[in-house]
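The values are calculated or read from the model by the stated rules, or taken from the named source; none is laboratory data. Keep in mind the model is a prediction, meaning the values are calculated, not measured. So basically every Cβ, Gly included, is an ideal-geometry build from the backbone, and we count neighbours across all protein chains shown. For accessibility, only protein heavy atoms count, side chains too; no ligands or nucleic acids. Shrake-Rupley method; radii C 1.70, N 1.55, O 1.52, S 1.80 Å.
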Amino acid sequence: MRTITTALLRRTLAATALIAVALTAGCGSGGATGTASPSPLDPTAAARQRVLDEANVACLADRSPLVVITDVKQNMTAAIEVGTGDTGVVLLHQAESSACQWYPFALTLRQQGYRALSLDISSRDAVEVAQAGIAHLRAEGVKRVFVFGASRGGTIALAASAGTVPPVDGVVSLSAPTVYDADARTAVKSLAVPTIFAAGELEGGFTDQAKELYGLSVSQHKKLVMRPGADHGVALLGGDLDALLLSFLTDPATATR
């Protein structure tokens, strides 16, 4: 997916403004002939449309679930949003992937009556993008927000949630490195919300890092899940882990006992 940065947005706005001026000048005689001049183009709307048009979402035959998220720096990125309800889940993909990676699980969440927002966090400002996703769900009336992330997305989920006020309702980290464009070690030392740390038993360093983050976590409601095999990130999903995550959304404290 394409993220529209502040600098790129400025260029887009400037170009759109020039188009609007040219259209106005070209129709300057409209008043004399009784023909109304066209309304100036909305540069912000043009930038948002560009994000939607350039989104890399091969998983969507119908692009209607696409939305645009704007972070505190006014950078824009695309996301896939499905479902309804007052409980929402922000989904953060692994490195070298896209919002489509979580799409099958997003559909599962929709079937269970939840709202899911799968974000593109390919940019370096992924923490701000994730926090903008949390704010987006809350602005839509979602009362309970959870953040799930895989691999790099898990690191971002922990860091973004630690810096979010009011706090989110729970976090799930699948195979998260301790540091990857954010510092999960520092994050879990202040993140007090219910948290699940999961990894494959044979993931090597990722297994060790999941155990380390679990040990550093100050949450009173935390759970460490070691799945058989060497599956990584979203590949851990399925079966009893899916059941655990769905129960986590219902009652985080009970699910993390």
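Could you tell me which residue of the stretch 106-128 is farthest from Val145 (Cα to Cα), considering only residues that are at pLDDT 95 or above and among the hydroxyl-bearing types (Ser, Thr, Tyr)?
Thr108
Do you know which residues across the stretch 222-251 are of a type in the set (D, E, K, R) and closer than 26 Å to Lys189 by Cβ?
Lys222, Lys223, Arg227, Asp251
Restricting the search to the stretch 127-156, which residues are assigned to a helix (DSSP H, G or I) and closer than 20 Å to Thr108 by Cα?
Gly133, Ile134, Leu137, Gly153, Gly154
Look at Arg138 and say whether it is within 29 Å of Asp86 (Cβ to Cβ) and of a type in the set (D, E, K, R).
Against the criterion (within 29 Å of Asp86 (Cβ to Cβ) and of a type in the set (D, E, K, R)), Arg138 qualifies.
Restricting to the stretch 135-155, give me the number of residues that are crowded, with 19+ Cβ neighbours inside 10 Å and more than 25 Å from Gly238 (Cα to Cα).
Going through the stretch 135-155 one residue at a time, the tally reaches 3.
Looking at the stretch 189-202, which of its residues are within 24 Å of Ala230 (Cα to Cα) and in contact with a strand residue (DSSP E or B) (Cβ under 9 Å, 6 or more places away or on another chain)?
Scanning the stretch 189-202 gives Thr195, Ile196, Phe197, Ala198, Ala199, Gly200, Glu201.
Regarding the stretch 82-99, can at least one residue be identified that is surrounded by fewer than 22 Cβ atoms within 10 Å (Cβ to Cβ) and assigned to a helix (DSSP H, G or I)?
no
Mind listing whichever residues of the stretch 156-191 are more than 24 Å from Ser98 (Cα to Cα) and either basic (Lys, Arg) or open to solvent by 40 Å² or more (accessible area, probe 1.4 Å) (or both)?
Passing the criteria: Val165, Pro166, Pro167, Asp169, Arg185, Thr186, Lys189, Ser190.
Does Asp251 satisfy the criteria of being under 15 Å from Phe105 (Cβ atoms), under 23 Å from the mean Cα position of the chain (by Cα) and surrounded by fewer than 20 Cβ atoms within 10 Å (Cβ to Cβ)?
No; evaluated as a whole, the condition is false for this residue.
Which residue pairs have Cβ atoms under 6 Å apart, sit 6 or more places apart or on different chains, and have a first residue in the stretch 186-202 that is more than 10 Å from Leu216 (Cα to Cα) and a second that is among the basic types (Lys, Arg) and surrounded by 15 or more Cβ atoms within 10 Å (Cβ to Cβ)?
Thr195/Lys222; Ile196/Lys223; Gly200/Arg227
Any residue in the stretch 42-55 that is closer than 16 Å to Asp71 by Cβ sitting within a Cβ distance under 6 Å of a residue that is among the β-branched types (Val, Ile, Thr) and surrounded by 12 or more Cβ atoms within 10 Å (Cβ to Cβ)? List the pairs, counting only those 6 or more apart or interchain.
Pairs found: Ala47/Ile4; Ala47/Thr12; Arg48/Val68; Val51/Ile4; Val51/Val68.
If you take the residues in the stretch 192-225 that are closer than 21 Å to Gly238 by Cβ and of a type in the set (A, V, I, L, M), which one is surrounded by the most Cβ atoms within 10 Å (Cβ to Cβ)?
Step by step, filter the stretch 192-225, then rank; the result is Ala199.
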